[in-house]
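A.B. asks: The structure is given below, and queries will be raised subsequently.
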Amino acid sequence: MHALLRIAVVPLLLSGCLQTKTATSNAASDVVSSDAADVALAADVSEQALVAVTAPASWLTHPENTPKAIHTTWQHDPATTLTVQWTTAATELAGYTPKVWFGPEAEAGKDGATQQFGAARFATGTGEMYYQTIIDMNDLAPDAPHYITWTVELTGLTPDTPYVFRAGTWSDFKAGAFTAPDLSDVQHVRTGLAKGSRQKITAVLAGDSRNGADGIRANAQRLAAIDASLWVFNGDFNETGVQEQWDDWFDAMQPILSKHPLMPVQGNHEFFPPTYYGQFALPVEAGLAPEYKEHAWSLTIGNLHLIGLDSTQDSVVQDQSTWLEADLQAARADKDIDWIIAMMHHPAYSSCTNHGSTDRVQKYWVPLFEKYDVDLIFAGHDHDYERSWPWRANKKVDAGPVYVVAGGFYADGYTNGKDVWTATSSHGNKSNYVVLNVEGKSLSFTAFSGDGSETLDTYSLKK
Ligand SMILES: [Fe+2]
Ligand SMILES: [Fe+2]
């Protein structure tokens, strides 16, 4: 069924019904080509000189330009950069310069209408117009409004520091006030630990929401309160990847995304890859072929090296192997890195009867996970929870890669199975998520039922 849907979608994408254009930051009336690398830190003298922002009567001049789907990722060093993305309708954009106003929370104040910025700072970026709110895959609604996702990268940040920011635009900043603002509410985020730090890192691992946006909504405030350094998401965000489903997912996730960067990989239900890759700015790895830009990535936070991989097709899995080996080799040789976690959508080992193990992952990546002692391999696709024994050369070992399947972030559950590698799996078809802690030479994680009421598994490792 998946393959048929993909075939149906591709000609529509190629027909030009979905437009892919970029708009420069300050000439939105002329939609012209621009390079994402144009993203630059900018500040002018008048804005630098001011230390306080007086809230206007409304943060919005053009309500249709209310920033939506605000979220953050990392394209570069998590300790000193942060990429902010949001969406607006592609109307009333004359003079729309995508800007993020940001500052350390200690200087800018935590909340409230008046943000005291010790040193006013803002960054500008670019926009990519690529989608409409499509009703279904066979009706591209050519008259539906177009939307733009804006991307701004903040640089020069201080490691391990709480920041606040507002995303959107304004035309000027005079007498302590924004003029013509279309700005988001204040968002909070903390920069990552500097590479080599052995302080505590907490990550929430989740995936497979599919039709579960309302399940996310019911739990989002509680989940957002988890003091996490980041979230990682192993794919299958929604059913088909049409934009109205993405909009629903972003809306449900907003309490979480307004506080935590999220690093994703593509699942098999991202039927419109441009809507996935357009909405998540990810590291661009020099060792990957251009067609795999953002499909695989890695970053280091403190002493944790995190790798994201695209497991969606045989050739794609094979083609990432050379880059993966080079990345693993470098990480294992790096004295700053103690822990390596790899994430992909399709599990190497799963006893769940819905999908089960993935041959291509076993064939091309498991030998590398074993050779370079990857500590934890995190996948989804099957909507259940399963953890393997430390597993090497198809045998239970004392120390070796551990494989976790944690799908079902409020998608309908699948039935658990059991196989020779299975350490634990008998939890019923519950939705789930995992909270992982890395601190120095210790790694531990706990899997929870989706409503948080039940502990499905706990596990820890020491080096
Ligand atoms: Fe799934
Ligand atoms: Fe899947």
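A.B. asks: Please state which of the following conditions MET344 fails to meet, knowing it meets all the rest: (1) of a type in the set (A, V, I, L, M); (2) buried (at least 24 other Cβ atoms within 10 Å of the Cβ); (3) away from ligand 2 (no atom under 12 Å from the Cβ).
C.D. replies: (3)
A.B. asks: For segment 184-211, which positions are within 15 Å of ligand 1 (Cβ to nearest atom) and surrounded by fewer than 23 Cβ atoms within 10 Å (Cβ to Cβ)?
C.D. replies: Scanning segment 184-211 gives a single hit, ASN211.
A.B. asks: Give segment 379-417 a look and list any residue that's closer than 30 Å to ASP214 by Cα and of a type in the set (D, E, K, R), or say none. Lay out the reasoning, then the answer.
C.D. replies: The initial filter retains those residues of segment 379-417 that are closer than 30 Å to ASP214 by Cα, namely 379-387, 403-417.
Those that are closer than 30 Å to ASP214 by Cα and of a type in the set (D, E, K, R): ASP382, ASP384, GLU386, ARG387, ASP412.
A.B. asks: Among the residues of segment 135-159, which ones are at pLDDT 85 or above and surrounded by fewer than 17 Cβ atoms within 10 Å (Cβ to Cβ)?
C.D. replies: Filtering segment 135-159 for residues at pLDDT 85 or above gives 148-159.
Listed by number, the residues that qualify are THR155, GLY156, THR158.
A.B. asks: Still on this model: Hey, among the residues in segment 380-423 that are closer than 28 Å to LYS463 by Cα and of a type in the set (Asp, Glu), which one's nearest to ligand 1 (Cβ to nearest atom)? Explain how you work it out, then say what you get.
C.D. replies: Pass one, segment 380-423, residues closer than 28 Å to LYS463 by Cα: 380, 385-407, 419-423.
Next, only the ones that are of a type in the set (Asp, Glu) stay: 386, 398, 419.
Working: GLU386: 14, ASP398: 32, ASP419: 19 Å.
Out of the qualifying residues, it is GLU386.
A.B. asks: For the structure I just gave you, tell me whether PHE122 is surrounded by 20 or more Cβ atoms within 10 Å (Cβ to Cβ), modelled with pLDDT of 65 or more and in contact with an Asp or Glu (Cβ under 8 Å, 6 or more places away or on another chain). Explain how you work it out, then say what you get.
C.D. replies: Values: surrounded by 20 or more Cβ atoms within 10 Å (Cβ to Cβ): yes; modelled with pLDDT of 65 or more: yes; in contact with an Asp or Glu (Cβ under 8 Å, 6 or more places away or on another chain): yes.
Considered against the rule, which asks whether it is surrounded by 20 or more Cβ atoms within 10 Å (Cβ to Cβ), modelled with pLDDT of 65 or more and in contact with an Asp or Glu (Cβ under 8 Å, 6 or more places away or on another chain), PHE122 comes out as yes.
A.B. asks: Got at least one residue in segment 387-398 being within 16 Å of ligand 2 (Cβ to nearest atom), under 10 Å from TYR349 (Cβ atoms), within 28 Å of the chain's Cα centre (by Cα) and not aromatic (Phe, Trp, Tyr)? Please lay out each step first, then the result.
C.D. replies: As a first pass, look at segment 387-398 and keep what is within 16 Å of ligand 2 (Cβ to nearest atom): none.
No: zero hits.
Conditions (1) over 24 Å from LEU368 (Cβ atoms); (2) of a type outside the set (Gly, Ala, Ser); (3) modelled with pLDDT of 95 or more, marked per residue:
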{"position": "GLN245", "(1), (2), (3)": "yes, yes, no"}
{"position": "GLN254", "(1), (2), (3)": "yes, yes, yes"}
{"position": "PHE271", "(1), (2), (3)": "yes, yes, no"}
{"position": "PRO283", "(1), (2), (3)": "no, yes, yes"}
{"position": "LYS293", "(1), (2), (3)": "no, yes, no"}
{"position": "LEU306", "(1), (2), (3)": "no, yes, yes"}
{"position": "LEU309", "(1), (2), (3)": "no, yes, yes"}
{"position": "ASP319", "(1), (2), (3)": "no, yes, yes"}
{"position": "ALA331", "(1), (2), (3)": "no, no, yes"}
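A.B. asks: What residue, of GLU294, GLU370, GLU386, GLU325, is assigned by TED's automatic domain parsing to the domain that holds ASN437, without any contact (Cβ under 8 Å) to a residue 40 or more places away in the chain and in contact with a helix residue (DSSP H, G or I) (Cβ under 7 Å, 6 or more places away or on another chain)? Talk me through it step by step, then tell me what you get.
C.D. replies: Working: GLU370 fails: in contact with a helix residue (DSSP H, G or I) (Cβ under 7 Å, 6 or more places away or on another chain); GLU386 fails: in contact with a helix residue (DSSP H, G or I) (Cβ under 7 Å, 6 or more places away or on another chain); GLU325 fails: without any contact (Cβ under 8 Å) to a residue 40 or more places away in the chain.
Being assigned by TED's automatic domain parsing to the domain that holds ASN437, without any contact (Cβ under 8 Å) to a residue 40 or more places away in the chain and in contact with a helix residue (DSSP H, G or I) (Cβ under 7 Å, 6 or more places away or on another chain) holds for just one of GLU294, GLU370, GLU386, GLU325, which is GLU294.
A.B. asks: Have a look at TYR292, TYR277 and point out the one that is farther than 30 Å from PHE165 by Cα and of a type in the set (Phe, Trp, Tyr). If you could, list the steps in order and put the result at the bottom.
C.D. replies: Numbers: TYR277 fails: farther than 30 Å from PHE165 by Cα.
Going through TYR292, TYR277 in turn, just one is farther than 30 Å from PHE165 by Cα and of a type in the set (Phe, Trp, Tyr): TYR292.
A.B. asks: Turning to a different aspect of this structure: VAL397 versus (1) touching a residue at least 40 places away in the same chain (Cβ under 8 Å); (2) of a type in the set (A, V, I, L, M, F, W, C); (3) within 20 Å of TYR372 (Cα to Cα): which is the lone unmet condition?
C.D. replies: (1)
A.B. asks: Quick one: HIS381 ticks every box in (1) touching a Ser or Thr at 6+ places or on another chain (Cβ under 7 Å); (2) in contact (Cβ under 8 Å) with a residue 40 or more places away in the chain; (3) of a type outside the set (S, T, N, Q); (4) within 16 Å of ligand 2 (Cβ to nearest atom) except a single one, so which number is it?
C.D. replies: (1)
A.B. asks: When segment 404-431 is examined, which residues are found to be more than 16 Å from ligand 2 (Cβ to nearest atom) and in a strand (DSSP E or B)?
C.D. replies: THR422, ALA423, THR424
A.B. asks: If the requirement is being modelled with pLDDT under 95 and of a type in the set (Lys, Arg), which of these qualifies: ARG166, ARG217, ARG210?
C.D. replies: Values: ARG217 fails: modelled with pLDDT under 95; ARG210 fails: modelled with pLDDT under 95.
Testing whether each residue is modelled with pLDDT under 95 and of a type in the set (Lys, Arg) leaves just ARG166.
A.B. asks: Just the residues that are surrounded by fewer than 19 Cβ atoms within 10 Å (Cβ to Cβ) and part of a loop (DSSP other than H, G, I, E, B), please, taken from segment 432-463.
C.D. replies: Within segment 432-463, GLY440, LYS441, ASP451, GLY452, SER453, GLU454, LYS463 qualify.
A.B. asks: May I pose another question? Tell me, please, whether a residue that is surrounded by 18 or more Cβ atoms within 10 Å (Cβ to Cβ), away from ligand 1 (no atom under 16 Å from the Cβ) and over 22 Å from MET263 (Cβ atoms) can be found in segment 318-339.
C.D. replies: no
A.B. asks: Of GLY235, GLY215, GLY267, which residue is over 10 Å from the mean Cα position of the chain (by Cα) and surrounded by 23 or more Cβ atoms within 10 Å (Cβ to Cβ)? Outline the logic, then answer.
C.D. replies: Details: GLY235 fails: over 10 Å from the mean Cα position of the chain (by Cα); GLY215 fails: surrounded by 23 or more Cβ atoms within 10 Å (Cβ to Cβ).
Answer to the selection: GLY267.
A.B. asks: Same structure, new question: Is it the case that segment 379-395 has a residue that's surrounded by fewer than 19 Cβ atoms within 10 Å (Cβ to Cβ) and part of a strand (DSSP E or B)?
C.D. replies: yes
A.B. asks: Keeping to segment 410-463, report how many residues are aromatic (Phe, Trp, Tyr), under 19 Å from LEU223 (Cα atoms) and more than 22 Å from the chain's Cα centre (by Cα). Give the steps one after another, and end with the answer.
C.D. replies: From segment 410-463, those aromatic (Phe, Trp, Tyr) are 410, 414, 421, 433, 445, 448, 459; that's our starting set.
Imposing the further condition that a residue be under 19 Å from LEU223 (Cα atoms) reduces the set to 410, 433, 445, 448.
Now drop any that are not more than 22 Å from the chain's Cα centre (by Cα), which leaves none.
Qualifying residue count for the region: 0.
A.B. asks: When you scan segment 413-429, do you find a residue that is surrounded by 14 or more Cβ atoms within 10 Å (Cβ to Cβ) and under 18 Å from ALA203 (Cβ atoms), even just one?
C.D. replies: Residues of segment 413-429 that are surrounded by 14 or more Cβ atoms within 10 Å (Cβ to Cβ), as a first pass: 413-414, 416-417, 419, 421-425, 427, 429.
Add one more test, that the residue is under 18 Å from ALA203 (Cβ atoms), and what stays is none.
No: segment 413-429 contains no residue that is surrounded by 14 or more Cβ atoms within 10 Å (Cβ to Cβ) and under 18 Å from ALA203 (Cβ atoms).
A.B. asks: State whether one or more residues within segment 230-242 are away from ligand 1 (no atom under 16 Å from the Cβ) and of a type in the set (A, V, I, L, M).
C.D. replies: Going through segment 230-242, the residues away from ligand 1 (no atom under 16 Å from the Cβ) turn out to be 230-231, 242.
Then drop every residue that is not of a type in the set (A, V, I, L, M), which leaves 230, 242.
Yes: one or more hits.
The values are calculated or read from the model by the stated rules, or taken from the named source; none is laboratory data. These numbers were taken from a predicted model, which means no experiment stands behind them. When we count neighbours, we look across all protein chains shown, and the Cβ atoms used for this are built from the backbone with ideal geometry, even at glycine.
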